[in-house]
Structure formats: structure tokens, C-alpha cells
Amino acid sequence: MLKKDNIAFGALLGFVLPGLFYGLLYFVATMIETGTPWTRPFEPDRMLLLALVINVIPIRLYFVNYKYDKTGRGVLLVTFLLMVSYFLYIRYF
């Protein structure tokens, strides 16, 4: 199912995976007591950045293992755009 060589599919995958991972991080952050040293990685701006790191896995899979360049480019493009928007968000908001 995930072996498609399509830029749109890669872009969709690049948006969905960080969203799911951010939801998982948010769930874990709500379960951890606030004010402890363990909550530092779970500040909202850091959770956004950590959620983008999950895209490294499909980039590696689609470029190296599957040799699906178009899908890898879609994931890479979305990751780049999300990183730029993250840094603009941190800078101006």
C-alpha cells in the first residue's frame, strides 16, 4: 500500500506522519506531571520540531530502500516547507 512512486502521495505522507507523531507527543505530555524536568521536551514549540523529525524515516525508506524518488521528493519537499514555516513561527510569533 505504501509503495507508490508519486509526489502527491509523498506530500500527503509528509503531512500525515508529523501530525500523528505530534498527537502522540501531546498525549504523552498530558500524561506526564507538569513542572518536572521531564516536561522540557514537551513544550509546544519543541514538540513541533520533534514531530518533523519523524519524516527522516520515510525519506530514507523511499530514497534508499525502495528507490522511489518521486515519493521521497514529496516527503522531502513537505518537510522542508514545514521546517521553514516552523522557524518563521518561532521568529515572529
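Below are the figures for this structure:
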read-out: Any pair with Cβ under 8 angstrom, 6 or more apart, that starts in segment 70-90 at a residue that is in contact (Cβ under 8 Å) with a residue 60 or more places away in the chain and open to solvent by 60 Å² or more (accessible area, probe 1.4 Å) and ends at one that is outside any helix (DSSP H, G or I) and charged (D, E, K, R); value: LYS70/ASP5
read-out: Some residue of segment 35-48 being touching a residue at least 24 places away in the same chain (Cβ under 8 Å) and surrounded by 14 or more Cβ atoms within 10 Å (Cβ to Cβ); value: yes
read-out: Meets criteria (within 12 Å of the chain's Cα centre (by Cα), surrounded by fewer than 17 Cβ atoms within 10 Å (Cβ to Cβ), at pLDDT 90 or above and within 30 Å of LYS70 (Cβ to Cβ)) for LEU12; value: yes
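The values are calculated or read from the model by the stated rules, or taken from the named source; none is laboratory data. Please read all numbers here as calculations on a predicted model, not as lab measurements. Virtual Cβ from ideal backbone geometry, glycine too; neighbours counted across all protein chains shown. Heavy atoms of the whole protein, side chains included, go into the accessibility calculation; ligands, DNA and RNA do not. Shrake-Rupley method; radii C 1.70, N 1.55, O 1.52, S 1.80 Å.
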